[in-house]
Amino acid sequence: MNKLKRLPPIHAISAFESVARLGSFTAAAGELNLGQSAISKQIKTLEEQTKAPLFMRHARGVELTNAGKELLNSVQPALHQLSTGIEQVRQRHDAHTVTVIATHAVAHYWLFPRVIAFNRIHPEITVSIRSDNAIDASKVAEFDFGILYGEGDWPLLDTQPLFTEFVYPVCHPELNLREPRQPEDLVHMPLIELDSTEWDCIGWHDWFRSFGVEYQPAENSLNFNQVTLAYEAARRGLGVALGWHFMVKEDLRSNTLKRVGSFVFESGKKDYLVHNTHLPLKASANEFREWLLTSV
């Protein structure tokens, strides 16, 4: 038997979630632009299908039963995922919307300023950015474009290089440090650690290894799992962080940050603007692509 046939109507599930979240039939009716009696009928339908009371009614409003709490824990993530999926499909096929997926750091420090500049020239086109550190080639098909880090060897994707990876130590200009003469001089400095085990990004171990230096982090060192957090800690004078050139160049120019030493890690990898070769680009996406590549 098809399990979907046993699901309650979506409007009954939506009414239940609204009442549970707002704690009131009246408030839910206002949010969903329905009458209170209509909300009550939706909840009654849902209670009949689940064969359990979902709310306890009292003078101050309503309260979820244990069955209601259990149902809400299942319903809310499902509704959110459904809403997100529908919105992504809508944007993907909207002639005036361009969707792009990138890592948090690339989205915030490289892509976002360019989207603002593009919007001034093309206010009729909306560029929607999704930031996700778990981005890979398989996710790009859900968007008009992706920005992927690597060597450009994705067979099903059209690739255009955007910028090369250069990584060097940075800190606040007022942080009192002796200028390092060689990479190993940094080992005993207050280094801000970056834990990138869940995604493709170098840390201090990789950076030192590229110079042939063995490194063991201090027990009391600051540790973050996002480039953006480590970078912000450096901007606030908490230590020395790895700085990706595309992120830090404006802060270096404005003297918000300074380089620590002249040592640069060059991985040979790049960030690429990519899109699925089997899906033709709509006019707005072509416009954005051409503008972005000429702005690099």
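The values are calculated or read from the model by the stated rules, or taken from the named source; none is laboratory data. What you see is a predicted model, and the numbers here were worked out from it, not measured in a lab. Reconstructed Cβ throughout: ideal geometry from the backbone, glycine too, with neighbour counts over all protein chains shown.
Condition (residue is aliphatic (A, V, I, L, M) and over 18 Å from Phe265 (Cβ atoms)) applied to segment 189-206: is it met by at least one residue?
Within segment 189-206, none of the residues are aliphatic (A, V, I, L, M) and over 18 Å from Phe265 (Cβ atoms).
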*Report yes if some residue within segment 277-294 is touching a helix residue (DSSP H, G or I) at 6+ places or on another chain (Cβ under 7 Å), outside the structural domain of Glu193 (by TED's automatic domain parsing) and part of a strand (DSSP E or B); otherwise report no.*
no
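Regarding Thr103, is this residue crowded, with 16+ Cβ neighbours inside 10 Å, at pLDDT 90 or above, over 14 Å from Arg289 (Cα atoms) and in contact with a Phe, Trp or Tyr (Cβ under 8 Å, 6 or more places away or on another chain)?
Details: crowded, with 16+ Cβ neighbours inside 10 Å: yes; at pLDDT 90 or above: yes; over 14 Å from Arg289 (Cα atoms): yes; in contact with a Phe, Trp or Tyr (Cβ under 8 Å, 6 or more places away or on another chain): yes.
Yes: the conditions hold for Thr103.
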*Of all helices (runs of 4 or more DSSP H) completely enclosed by segment 134-241, which ones contain at least 2 residues that are at pLDDT 95 or above?*
204-209, 227-235
*asked:* Please go through segment 28-86 and give me each residue that is of a type in the set (Gly, Ala, Ser), more than 30 Å from Lys139 (Cα to Cα) and either free of Cβ contacts under 8 Å to residues at least 24 places away in the same chain or crowded, with 16+ Cβ neighbours inside 10 Å (or both), ordered by number.
replied: Ala28, Ala29, Gly30, Gly35, Ser37, Ala38, Ser40, Ala52, Ala59, Ala67, Gly68
*Is it the case that some residue within segment 110-126 is assigned to a loop (DSSP other than H, G, I, E, B) and within 13 Å of the chain's Cα centre (by Cα)?*
no
